[in-house]
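Written out below as structure tokens is the structure these notes cover.
The values are calculated or read from the model by the stated rules, or taken from the named source; none is laboratory data. None of the values given here were measured: they were computed from a predicted structure. All Cβ positions, glycine included, derive from the backbone under ideal geometry; neighbour counts span all protein chains shown. Surface accessibility is based on the protein's heavy atoms, side chains included, excluding ligands, DNA and RNA. Shrake-Rupley method; radii C 1.70, N 1.55, O 1.52, S 1.80 Å.
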Amino acid sequence: MINPILKSPNVPLAADSNAVVNYRRDSSNYVTQLFGEQLPTIENGFFNVYLSKGIIVQPHWHTNVTEMVVVINGEITASVFNPFTRERITYRLKPGQVVVFPKGWFHWFVAETDGVYVLTIFDQPTPDIVFGADFLAATPPDVAHRAYCLDEEAYAKAVASIQNDAILGPNIGCGTVVSDTSVQASKASTAPNHKPQP
């Protein structure tokens, strides 16, 4: 079946993916987007993500889409939790390399250099996003204690500072930025360090 939008005499086939800012942490760390709302003819959607060294795209998962991250500039460390093997898989990626986060898999990535630019492409026009911050902030201290034997008061204090809308972290003023390079060798995988030949 042909998309009825394509039959319009004024069918929009082009748009500016930098026109809509989805999130801005500061002038070097921000996310712009292009989705179906902006370009009705698009059958997928994507974020342009710009990061400086040590900035993280907070842990999250998507209920309705698979995501592919393409590194355009800089280097990132991308981590994903495999729900079947119950292991975290980590990749160090350079320009031209990609990682796929299957639908429903918990994931995040960290800028390992300044000037990072990645394209995150989804297989649907609009992704649903569940942030780890939302999950942590919504878990009552007594539940954290019952489930994991965590100190209720310490847990409440720890999650009180979470800013659920902070897509890029850490929050400004949080302190030292820590890279996600300290992964266990047994749980880590590394992408090849060569550039594909043209």
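Does segment 34-46 include one or more residues that are of a type in the set (Phe, Trp, Tyr), at pLDDT 95 or above and out of contact with any Cys (no Cβ under 6 Å at 6 or more places or on another chain)?
Residues of segment 34-46 that are of a type in the set (Phe, Trp, Tyr), as a first pass: 35, 46.
Subset that is at pLDDT 95 or above: 46.
Retained after the next criterion (residues that are out of contact with any Cys (no Cβ under 6 Å at 6 or more places or on another chain)): 46.
The answer is yes; a qualifying residue exists.
For Val130, work out the one condition from (1) at pLDDT 95 or above; (2) out of contact with any Asp or Glu (no Cβ under 8 Å at 6 or more places or on another chain); (3) within 21 Å of Leu34 (Cα to Cα); (4) open to solvent by 40 Å² or more (accessible area, probe 1.4 Å) it doesn't fulfil. The one condition Val130 does not meet is (1). The condition of being modelled with pLDDT under 90 and open to solvent by 60 Å² or more (accessible area, probe 1.4 Å) holds for only one of Ala138, Ala158, Ala166, that being Ala158. Could you please let me know if Val118 is touching a residue at least 60 places away in the same chain (Cβ under 8 Å) and either more than 26 Å from Leu39 (Cα to Cα) or in contact with a Lys or Arg (Cβ under 8 Å, 6 or more places away or on another chain) (or both)? For Val118, the condition - touching a residue at least 60 places away in the same chain (Cβ under 8 Å) and either more than 26 Å from Leu39 (Cα to Cα) or in contact with a Lys or Arg (Cβ under 8 Å, 6 or more places away or on another chain) (or both) - is not met.
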